[in-house]
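The values are calculated or read from the model by the stated rules, or taken from the named source; none is laboratory data. As the structure is a prediction and not an experimental result, all values here were calculated from the model. Virtual Cβ from ideal backbone geometry, glycine too; neighbours counted across all protein chains shown. Side chains are part of the model used for accessible areas, which takes the heavy atoms of the whole protein and leaves out ligands, DNA and RNA. Shrake-Rupley method; radii C 1.70, N 1.55, O 1.52, S 1.80 Å.
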Amino acid sequence: MILLNIENVSKSYTEKTLLKNVSFGIMDGDKIGLIGINGTGKTTLLRLIAGVEEPDEGRIIRTNDINVEYLPQNPYFEKNATVIKQVFKGNSANLKVLRDYETAISNPETKKDEILRLTQLMDSIGGWELEAEAKNILTKLGINNFDAIVDNLSGGQKKRVALASALINPSNLLILDEPTNHLDNETIDWLEAYLARRKGALLMITHDRYFLDRVVNGIIELDGGNIYSYKGNYSYFLEKKSEREESIIASELKRQNLYRRELAWMRQGAQARSTKQKARIERFHDIENSATNLSKDKMEISVASSRLGKKVIEIKNVSKSYGDLELIKDFTYTVLRDDRIGILGSNGLGKSTLLKVFSGEIRPDKGSVEIGETVKLGVFSQETTHLDDKQRAIDYIKDGGEFITTADGTKISASQMLERFLFPPDLQWNPIGRLSGGEKRRLHLLRTLMESPNVLLLDEPTNDLDIQTLTILEEYIEDFQGAVIIVSHDRYLLDKIVDKVFVFEGNGQIMGYTGNYSYFKEQTKEEEPKEKVEKKERVKQVPQKLKFSYNEQREWDTIDNDIKALEDSIAAIEKEMEASASQYTKLEDLMKKKEEVEARLEEKMERWLYLSELDEKIRNDR
């Protein structure tokens, strides 16, 4: 069932056109990720669909019974509202009963008859289940005090309360703008699973590429005011986008060859004496006017780094507390020149505090922090509140230097560097306050990198940055000649760039693990409690000679063929999906079929791994 249609929608702000005759539809069951470079209008498109703004041209047609729930980047909170009241802010009759019940029981002057009436109403609408679900979601999101005043919460806690409200309020179209910002890795894992099994349509902006791979079944890319739709997850989008761009390039090269041939004919002095010649001249002008601009805006980071000596940062027996809250306890580490460290842990345990200890911004209660003489820190903080909204973007960059030395030794102006960071000349002279949240973050990133650091301290660098900027930043970090320490909830980023993780485990304890995020998760998942291991050792008997059981031997003999058959089946389904791209129902059935076969293949691969290890042990035991 179609929920809404966007027909020829256009939207501009001053001279900047964000949307040009955009058209697409959203069906029940669609889970769509909206991606594009910051400042191209992603948030504006969400606001239009949610009904917060109106288009300049075109229309958005909604079905009569559609119920839309929208989580903006900067949610509105009722003054003096408690957490539970804010969560139950919806307009449905059931939520009104819940609000009335919560208000009644929190007021000591409420009469018993009123509480009894509301209790009966809660029974009749199944309110207890809804209340339990709401509190469960809040707990999963790290909010445990349901009677806390929202105004007194931190920015991250407020965002999680707003997210809980969006998830709890009944809707058949849920719109989320950067829902993973301010969430830790464990909470993102939970949200990912929750949205994957949620019924109804979903439209969201997120930079989390694992999230896009595991939750969505469609991608909409916003580029230059136009949209490009893809049926499939993020990996499928990357593949098809590459094919689309290659097709555009091939068509343009073909046009250019034809144009050169027709231009030579025109230069021979062709005259429009016949109908045939007139048609050819008209065709020449059509070819001339149909050129495609193949030069795409692409952010480029090419900044020189400073020489880094042997001594980087040495932390010895550092502890830090705030009142009774112990964040860091007796922590010691020596940063190496080529370190790539990810800092993990639940919100509020002290990740940003540790980063500030590394930078020297925060002094520890005890212990020492020594920073090498050649160290030049580049600190990319979570917030952009230090930016002056009245200052022009170009002046903010010039404060760091009129000229920047690039990695190849070339000197370029601050204005040219801004262009490399996708700030065209007209945007450079805008006050910072007129930039989007993502553009401010990109500007802050440029200022951080242009000062030629040799040690990078990055605090949640993926917040509000678009995927293209993240990809370029990852490439820059991979080639960076110096140490990198990063606090991030972006699992894809952590998997790609870090080779060591520090994990906050509470009560000031920080554990170090070698490997990236996925390796750390796999290792900790497999670890067994010590008492279980000891119990196993006590009951361990004299080992018998290893051998396959009859069924295991049969399975081992055929498993390679079984895996090959499943892989062939997936390839055949993908081929059929490409041929059925315009048939939505059939494509959805094929995607489900593919997921089922992939799950069976994953099981087979796990069995193959187990059996192959067993086979090797049997051979060694002979």
inquiry  = Being open to solvent by 80 Å² or more (accessible area, probe 1.4 Å) and of a type outside the set (F, W, Y) is the filter here; which residues of region 45-88 pass it?
reply    = E54, D56, E57, R59, R62, N64, D65, N74, K79, N80, K85
remark   = Exception for I35 within (1) β-branched (V, I, T); (2) under 30 Å from D426 (Cα atoms); (3) open to solvent by 30 Å² or more (accessible area, probe 1.4 Å) falls at (3)
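The rows are residues; the columns are (1) among the aliphatic types (A, V, I, L, M); (2) modelled with pLDDT of 75 or more; (3) in a helix (DSSP H, G or I); (4) under 30 Å from G25 (Cα atoms).
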position	(1), (2), (3), (4)
V542	yes, no, no, no
K545	no, no, no, no
E576	no, yes, yes, yes
L590	yes, yes, yes, yes
K593	no, yes, yes, yes
E598	no, yes, yes, yes
message = Exactly one condition in (1) open to solvent by 70 Å² or more (accessible area, probe 1.4 Å); (2) over 30 Å from E192 (Cβ atoms); (3) at pLDDT below 65; (4) not acidic (D, E) is false for K298; which is it?
response = (2)
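Which members of region 381-399 meet the condition of being open to solvent by less than 30 Å² (accessible area, probe 1.4 Å) and not hydrophobic (A, V, I, L, M, F, W, C)? Before the answer, list the steps.
In the first step, residues of region 381-399 are kept if they are open to solvent by less than 30 Å² (accessible area, probe 1.4 Å); the result is 387, 393-394, 396-397.
Correct list: Y396 only.
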ask   = If you take the residues of region 509-532 that are part of a loop (DSSP other than H, G, I, E, B) and at pLDDT 85 or above, which of them is surrounded by the fewest Cβ atoms within 10 Å (Cβ to Cβ)?
value = G515
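Among the residues that make up region 283-292, is at least one of them buried (at least 18 other Cβ atoms within 10 Å of the Cβ) and modelled with pLDDT under 70?
To start, the set of residues in region 283-292 that are buried (at least 18 other Cβ atoms within 10 Å of the Cβ) comprises 284.
Keeping just the survivors that are modelled with pLDDT under 70 gives 284.
Yes, there is a match, as at least one residue in region 283-292 is buried (at least 18 other Cβ atoms within 10 Å of the Cβ) and modelled with pLDDT under 70.
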task = Take region 117-134 and flag every residue that is open to solvent by 20 Å² or more (accessible area, probe 1.4 Å), within 20 Å of L191 (Cβ to Cβ) and in contact (Cβ under 8 Å) with a residue 24 or more places away in the chain.
result = L130, E133
Long-range neighbours under 7 Å by Cβ, at least six apart or interchain, first residue closer than 28 Å to S436 by Cα and in contact (Cβ under 8 Å) with a residue 60 or more places away in the chain within region 63-82, second open to solvent by 40 Å² or more (accessible area, probe 1.4 Å) and of a type in the set (S, T, Y) = Q73/T43
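Only one of these is within 23 Å of the chain's Cα centre (by Cα) and basic (K, R): K356, K390, K440, K411. Name it.
Working: K356 fails: within 23 Å of the chain's Cα centre (by Cα); K390 fails: within 23 Å of the chain's Cα centre (by Cα); K411 fails: within 23 Å of the chain's Cα centre (by Cα).
On inspection, the qualifying residue turns out to be K440.
Every residue, every condition in (1) at pLDDT 75 or above; (2) closer than 26 Å to N145 by Cβ; (3) among the acidic types (D, E); (4) under 19 Å from the mean Cα position of the chain (by Cα), yes or no:
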| position | (1), (2), (3), (4) |
| --- | --- |
| A166 | yes, yes, no, yes |
| R209 | yes, no, no, yes |
| N217 | yes, no, no, yes |
| N257 | no, no, no, no |
| A264 | no, no, no, no |
query = Is it the case that some residue within region 184-202 is among the β-branched types (V, I, T) and touching a Phe, Trp or Tyr at 6+ places or on another chain (Cβ under 9 Å)?
reply = yes
Number of the condition not met by F146 [criteria: (1) out of contact with any Ser or Thr (no Cβ under 6 Å at 6 or more places or on another chain); (2) within 26 Å of A50 (Cα to Cα); (3) surrounded by 11 or more Cβ atoms within 10 Å (Cβ to Cβ)] = (2)
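Just to be sure before I move on: is E451 open to solvent by 40 Å² or more (accessible area, probe 1.4 Å) and under 30 Å from K311 (Cβ atoms) in the structure I sent? Outline the logic, then answer.
On the way: open to solvent by 40 Å² or more (accessible area, probe 1.4 Å): yes; under 30 Å from K311 (Cβ atoms): yes.
Criteria met by E451.
Residue-wise test of (1) β-branched (V, I, T); (2) free of Cβ contacts under 8 Å to residues at least 12 places away in the same chain; (3) open to solvent by less than 10 Å² (accessible area, probe 1.4 Å); (4) in contact with an Asp or Glu (Cβ under 6 Å, 6 or more places away or on another chain).
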| residue | (1), (2), (3), (4) |
| --- | --- |
| G438 | no, no, yes, yes |
| L456 | no, no, yes, no |
| T462 | yes, no, yes, yes |
| L465 | no, no, yes, no |
| L470 | no, no, yes, no |
| L473 | no, no, yes, no |
| V484 | yes, no, yes, no |
ask   = Among strands (runs of 3 or more DSSP E) lying entirely in region 313-376, which contain 1 or more residues that are open to solvent by 50 Å² or more (accessible area, probe 1.4 Å)?
value = 313-322, 325-334, 366-371
ask   = Which of the residues that make up region 8-33 are of a type in the set (D, E, K, R) and within 13 Å of L46 (Cα to Cα)?
value = K11
message = Quick test for you: out of P431, P453, pick the one residue that is at pLDDT 85 or above and more than 30 Å from K16 (Cα to Cα).
response = P453
key: Residues of region 10-30 satisfying the condition of being open to solvent by 20 Å² or more (accessible area, probe 1.4 Å) and closer than 21 Å to L202 by Cα   = S23, F24, G25, M27, D28, G29
